[in-house]
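The structure under discussion appears below in the form of structure tokens.
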Amino acid sequence: MSVPLPAPLPDQPEATLEPRAYAAYQSDFDPALPCPGFQSGVVRVERTPHKAKPTREHTYWHIVTEGYPEEKRTVPIIERLTRIPWVRPVVTGWTQLKIWWEIRESSTHWNIWHPGYRYVVIVKELSRGDYLLKTGYPTGPDAFKWHKKFAEAKKTGRTLSSAP
């Protein structure tokens, strides 16, 4: 894939990593900037406070944590924090990446996967033609699993026609 991503945030000193990640997220998703485009719509973020961390926007906190229910997402994950600068470039470079959709809880979720960096961003399709940024995370060393997911989606017609 030819979408270059910026360097991840340094994870040291660890005590300042989360505030640096939040600052990077705020810079990339500043309300004064245009929303990144995806297909024929734009990708929006949920700016309301997160239940587990009221000082952070919901979308940001959902990206840097994992678990269910939302209230239990109290500890950010270092690998997710360091890769926050990758979220917007993956979304904006979507035409050059592997993309497929899945139905989750009766909603269409689009996976935008950058196999070169082993990173995925997931956006939820909204009723008015726009999208909501749900999450982004490293897919780990098991790239075969993600290639398989994409191949299965391609067989069943759930990829974008322009996807590589």
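Residues that are in a helix (DSSP H, G or I), under 19 Å from residue 8 (Cα atoms) and out of contact with any strand residue (DSSP E or B) (no Cβ under 6 Å at 6 or more places or on another chain) within the range 49-105 comprise 60, 61, 64, 78, 81, 82, 84, 85, 88, 89, 92, listed in sequence order. Within the range 75-85, does at least one residue satisfy the condition of being modelled with pLDDT of 95 or more, in contact with a helix residue (DSSP H, G or I) (Cβ under 8 Å, 6 or more places away or on another chain) and among the basic types (Lys, Arg)? Within the range 75-85, one or more residues are modelled with pLDDT of 95 or more, in contact with a helix residue (DSSP H, G or I) (Cβ under 8 Å, 6 or more places away or on another chain) and among the basic types (Lys, Arg). Residues in the range 8-48 that are over 23 Å from residue 67 (Cβ atoms), part of a loop (DSSP other than H, G, I, E, B) and touching a strand residue (DSSP E or B) at 6+ places or on another chain (Cβ under 6 Å): 35, 36.
Does the range 12-50 hold any residues that are of a type in the set (Asp, Glu) and either under 16 Å from residue 85 (Cα atoms) or free of Cβ contacts under 8 Å to residues at least 40 places away in the same chain (or both), and which are they? Break it down into steps so the answer makes sense when it comes.
First pass over the range 12-50, keeping only residues of a type in the set (Asp, Glu): 14, 18, 28, 30, 46.
If the condition is that a residue be of a type in the set (Asp, Glu) and either under 16 Å from residue 85 (Cα atoms) or free of Cβ contacts under 8 Å to residues at least 40 places away in the same chain (or both), then 18, 28, 30 are the ones that fit.
State whether the residues of the range 133-146 include one that is part of a helix (DSSP H, G or I) and surrounded by 14 or more Cβ atoms within 10 Å (Cβ to Cβ). Write out each step before concluding.
Quick first cut of the range 133-146, residues part of a helix (DSSP H, G or I) only: 143-146.
Applying the additional criterion that residues be surrounded by 14 or more Cβ atoms within 10 Å (Cβ to Cβ) yields 146.
For the range 133-146, residues part of a helix (DSSP H, G or I) and surrounded by 14 or more Cβ atoms within 10 Å (Cβ to Cβ): present.
Please specify each residue of the range 1-33 satisfying the condition of being among the small types (Gly, Ala, Ser) and crowded, with 19+ Cβ neighbours inside 10 Å.
Taking the range 1-33 as the starting set, the residues that turn out to be among the small types (Gly, Ala, Ser) are 2, 7, 15, 21, 23-24, 27, 32.
Residues satisfying the conditions are 21, 24.
Being of a type in the set (Val, Ile, Thr), more than 11 Å from residue 136 (Cα to Cα) and without any contact (Cβ under 8 Å) to a residue 60 or more places away in the chain is the filter here, so list the residues in the range 78-109 that pass it.
92, 103, 108
Would you confirm whether or not the range 103-122 contains a residue that is closer than 22 Å to residue 144 by Cα and of a type in the set (Gly, Ala, Ser)? Yes; the residues of the range 103-122 include at least one that is closer than 22 Å to residue 144 by Cα and of a type in the set (Gly, Ala, Ser).
The values are calculated or read from the model by the stated rules, or taken from the named source; none is laboratory data. For clarity, every value in this text was computed on a predicted model and none was experimentally measured. Note: ideal-geometry Cβ built from the backbone for every residue, glycine included; neighbour counts use all protein chains shown.
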